[in-house]
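Inspection log for the structure reproduced underneath, given as structure tokens.
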Amino acid sequence: MGRVRNFSVEDRLDITDLVSTHGHLVDDGQLERLEELCTPDVVYDVSDLGGGLLLGVAAIREAALALGARNPVAHHVTNVVVSDAGDGRARVRSKGLGVMADGSCGSVSYDDTVVRTPEGWRICRRKVTARRVPLNGSNGLDGLDGLTAP
């Protein structure tokens, strides 16, 4: 994750709130408030989900509206870890759960770069990666004689 900077407790709370607020705004349909989360020139990479590279807040808003009913009904974020990215920026890695209208759900990892602006911390880059296989594809049993996977 990178070296840990001595961010203040207030910085860590503000950054965690920033990442957590995403789900609330999107799930509530408050897409006009995305500027509260992202820099105007944000790079939002949803290529792994088939959505490509979205450049700017307007592109994120348009993509969400285009998905319509195929959007998750709930975005949940957890396991937020903040580390130093240098140049006054922070890297934030978190886990996301998306619940669909049919009750199915999926898991993603969010890899964010956030920057302090006059308005507060904002996401300037986000990469969303779907979690599709356990242990990132490793069976986790290498070198464990006599054990079998369930």
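The values are calculated or read from the model by the stated rules, or taken from the named source; none is laboratory data. Fair warning: this is a prediction, and the values are worked out from it, not measured in the lab. Cβ sites come from the backbone with ideal geometry, for glycine too, and all protein chains shown count toward neighbours. To get the accessible areas, we keep the full protein, side chains included, count just its heavy atoms, and leave off ligands, DNA and RNA. Shrake-Rupley method; radii C 1.70, N 1.55, O 1.52, S 1.80 Å.
Before moving on, here are some points about what is shown:
- Selected residue (criterion: nearest to ARG131 (Cα to Cα)) from residues of segment 82-107 that are of a type outside the set (Gly, Ala, Ser) and surrounded by fewer than 14 Cβ atoms within 10 Å (Cβ to Cβ): CYS105
- Answer residue from segment 5-59, given it is hydrophobic (A, V, I, L, M, F, W, C) and open to solvent by 60 Å² or more (accessible area, probe 1.4 Å) and is farthest from the chain's Cα centre (by Cα) among those: VAL9
- Among the residues making up segment 99-131, a single one is in contact with a Phe, Trp or Tyr (Cβ under 6 Å, 6 or more places away or on another chain) and of a type in the set (Lys, Arg): ARG126.
- Some residue of segment 112-129 being within 23 Å of LEU13 (Cα to Cα), among the basic types (Lys, Arg) and either free of Cβ contacts under 8 Å to residues at least 24 places away in the same chain or open to solvent by less than 60 Å² (accessible area, probe 1.4 Å) (or both): yes
- Residue identified as over 18 Å from ARG122 (Cβ atoms) and either modelled with pLDDT of 95 or more or hydrophobic (A, V, I, L, M, F, W, C) (or both) among VAL57, VAL81, VAL19: VAL81
- Scope segment 7-21; condition out of contact with any helix residue (DSSP H, G or I) (no Cβ under 8 Å at 6 or more places or on another chain) and free of Cβ contacts under 8 Å to residues at least 60 places away in the same chain; matching residues: SER8, VAL9, GLU10, LEU13, ASP17
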